[in-house]
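Here is the structure we will look at.
Since every read-out is calculated from the coordinates, none of them should be taken as a lab result. No experiment lies behind these values; they were computed from the predicted model shown. Backbone-built Cβ (ideal geometry, glycine too); neighbour counts: all protein chains shown.
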């Protein structure tokens, strides 16, 4: 009885095993074959990316169509990618690293895995506070992390700064995402830079005391909890709201642009840097420059309802409807410099 | 060729098995020995702020999930093997199905399905019930519930197989001699099946300790998430490595205790007749059906329906992760085959030389990685292999970025399952059976083919499938080590839920559950018949 059932299973496994063995051979053959074929046009760029492939695919496809250069993408967590590039050393196949938090890019630069680039194009397109002073990494899109509320329920006049949410009147009304998320760590890092560690600790303790529900695992659930009335105000990235609004234009939550008379809205970036040991640094830099250009900037940001880093580029209509805001001009590298400090403060405040 | 338990293993056999064990431990040793400075203040911070809470939380989780899994697993197995009640035929296999769900998928279903704006909570408030009284799954009790629901099948399956093998004679004899049902169960059945439920408990505890995805989703801090936080949040891989080693010590302790208790278990022979089922009547039958059905609803039926309801039906074709399915099959299949082959090697050697402590130690070492968080395992494997690459030059090119690295990491994680499974399979082959075959004049090669293999087969299939499901569900190590183009279903679930794309995540999550269901069903069918099967004409 069972052997009859097991035979096909065994055969399938064997076939898959053969497929598995055949595959790396193809991959291994590719790098040898490519340069011999056509050095200037074509070839392959290998991208290690933390940014999900659907948000990259359309622009990469366009690039391949334009230049003939194939792009291979490997998506993973930034820390895993950075460790991997560091461990691969000179043998790394990676040409470009894309991550979604400045803290991660700062970390990568600290580890010495990114190359210094002097590019007038990138310097013109990317504002100075959204790129590394030494040219090791550059922002490609801007992501705003601000207060979220349902305007009909919570009057915008009662909202002001991030810090104000620590006041007792918000008890049982605030929702936060888990402190494990790097977006929150970067927000706290900029608060430490601005307010000092002691004052930030007090703010965080106030936030934790005001929580309406345990911290959420992601921003989407948090936004839905605000819409449903579980919480009255929360802190999330705006593009999550963009996705929800695209699905359901009647979704009631709106951003409140925080602290417009003061520091402004905390913005982070998704960005990229050329790998120090890249075999094709010139091509990688060309791709990076292309990504910072006007047309691509618009598409790259709009794919995920983010903001282009290049000033003056048109916004997605959903994003444009939220109005303009003043962003915190702080050097975003602080997100990396103060990350460990921020995590410790969040731990001490009991933010999990 | 007769078995002689007093004989120690030959140096060659010891060498080979120790070699395998060392290969499976080497990356962890490398991690331990690699010098790494922990930045000043970090240990103090952990000691004062995080460790007290994390240790308490981990302890409560282990105790809660362990106790609940034993209770549910043993009770369910006893109920379906020894009783007849309405729906028993359907519930018996259904009770094993939650094994197909990775804990992080169940956590995802529970968090999203019980969220404030989901239909259940909305309905609750419409009934006028207070919103604060609605169960919050992102809590310690929620974590115990989710982990128990995914892990109790280990106890259930092993216990069920053990009860089927043993028949009902001993229990009935105890009852005839005047023992009450509870006394007979506690004093006859539990001791006789100790190896089964202790083995299940061991798996449950180690899985609980190593879980990462579900704990993240439920907002719980355990030693594993602390290891990850030390590396990712606090930026110190050295600190993470030191914590991981401390965890390893805890694992060794757990295994040693289980081994010590299990060692005293009395070996139970296989019964000649299948166990008799007692027909439950009236209220008792109803209660049995209701309890078993409740577990199945919470662990399988509701999660499956939730996932189905989230499926993006319109563009299902685009959402199908075919490549990830192939990746899952190859990666988990390879891991299962190798793990079981290694497991057979150890089990056969241990059987032939039961008194050889060196072999016992090698076996324990080979299974150590089971409670090491996958992410730490991945770092260890990756460092070791890339160092080897740099040392060996072009010979070893691609070692750390190929399929080998991933399969090695998965083997290190799940060799324990392969060892347990192979040992259990070999236990079915009593020496007397082979002796009888020899006495009957069968030559050695045909003895194995005609007698050995048929007896071993169900156990080995079970072992293969258990490793397969484990490897398929593994997340952090797969995430870090998979070669280009080798995405798995677990990766798809992770990347989609991580971005808050809950609907999109339902497709790979459902596939994972469905692929996971098949081995569990096969496993159930193979465990259905008691005792060694007759073979051939």
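Distance between the 7 Å Cα→Cβ label points at residue A:277 and residue B:273: 7.0 nm. Legend: ranking of residues A:110, B:492, A:341 from fewest to most surrounding C-beta atoms inside 10 Å; resulting order A:110, A:341, B:492.
Across all directions, the shadow cast by the convex hull of the protein assembly as shown built on its C-alpha atoms averages 39.8 square nanometres.
Projected label points at residue B:47 and residue B:140, each 7 Å from Cα along the beta carbon direction, are separated by 2.4 nanometres.
Volume of the convex hull of chain A (Cα atoms only), normalised per residue: 184 Å³. For region A:265-352, a Kirkwood hydrodynamic radius built from all Cα pairs, placed in the Stokes-Einstein relation at 20 °C and 1.002 mPa s, yields a translational diffusion coefficient of 135 µm²/s.
Would you calculate, for chain B, the mean residue ellipticity at 222 nm contributed by helices, counting each DSSP H stretch of 4 or more residues as -39,500 (n - 2.57) and dividing by all residues, to the nearest 500?
-22500 deg cm²/dmol
Ordered by the count of other Cβ atoms within 10 Å of each Cβ, fewest first, B:435, A:266 give B:435, A:266.
Counting every pair of alpha carbons in region A:217-334, the share spaced more than 19 Å apart comes to 58 percent. Against the main long axis of the alpha-carbon atoms of chain A, helix A:78-88 sits at an angle near 40°. Can you tell me the FRET efficiency between residue B:132 and residue A:64 if r is taken as the Cβ-Cβ distance and R0 is 45 Å, rounded to the nearest 0.05? It comes out at approximately 0.25. In region A:43-135, the ratio of gyration radius to Kirkwood radius, Rg to Rh, stands at 0.96 when only Cα atoms are counted. Between 0 and 90 degrees, the angle of helix A:238-247 with respect to the longest Cα principal axis of chain A falls at about 80 degrees. From helices alone, chain A scores -14000 deg cm²/dmol at 222 nm; the rule is -39500 (n - 2.57) for each run of n ≥ 4 DSSP H residues, then divide by the residue total.
Panel values: region B:337-431, Kirkwood radius from alpha carbon pairs, Stokes-Einstein at 4 °C and 1.567 mPa s, translational diffusion coefficient 89 µm²/s. If I fit a long axis through the Cα atoms of helix A:219-228 and take the longest principal axis of the Cα atoms of chain A, what angle between them do I get, 0 to 90°, rounded to 10? The angle comes out at about 40 degrees. Taking only alpha carbon atoms, chain B gives an Rg to Rh ratio of 0.97, where Rh is the Kirkwood radius. Starting from the coordinates of the alpha-carbon atoms of region B:19-115, obtain the Kirkwood hydrodynamic radius over all distinct pairs and give the value in Å to one decimal. It works out to 18.6 Å. Counting beta carbons within 10 Å around each of A:171, A:310, B:473 and listing the fewest first gives the order A:171, A:310, B:473. Given in Å, the Rg to one decimal and the Dmax to the nearest whole number for the Cα atoms of region B:458-528 are 14.0, 42. Estimate the FRET efficiency between residue B:442 and residue A:53 by the formula 1/(1 + (r/R0)^6), using the beta-carbon distance for r and 56 Å for R0, to the nearest 0.05. For residue B:442 and residue A:53, the calculated efficiency is 0.45. Beta-bridge orientation, the protein assembly as shown: approximately 60 percent antiparallel, per DSSP, counting only bridges with both partners inside.
With a/c under 1.5 counting as rounded, go ahead and sort region B:208-330 into rounded, prolate or oblate using the C-alpha gyration tensor (a ≥ b ≥ c being the square roots of the eigenvalues; past the cut-off, prolate if a/b is larger than b/c, else oblate).
oblate
Using the Cβ-Cβ distance between residue B:305 and residue A:298 with R0 = 45 Å, the FRET efficiency computed as 1/(1 + (r/R0)^6) comes to roughly 0.60.
Starting from a Cα-only point model with no solvent, please compute log10 I(q)/I(0) by Debye for region B:52-284 at q = 0.09 1/Å. These q points yield log10 I(q)/I(0) values of -0.49. D by Stokes-Einstein for region B:320-529, Kirkwood Rh over Cα pairs, 20 °C, 1.002 mPa s: 114 µm²/s.
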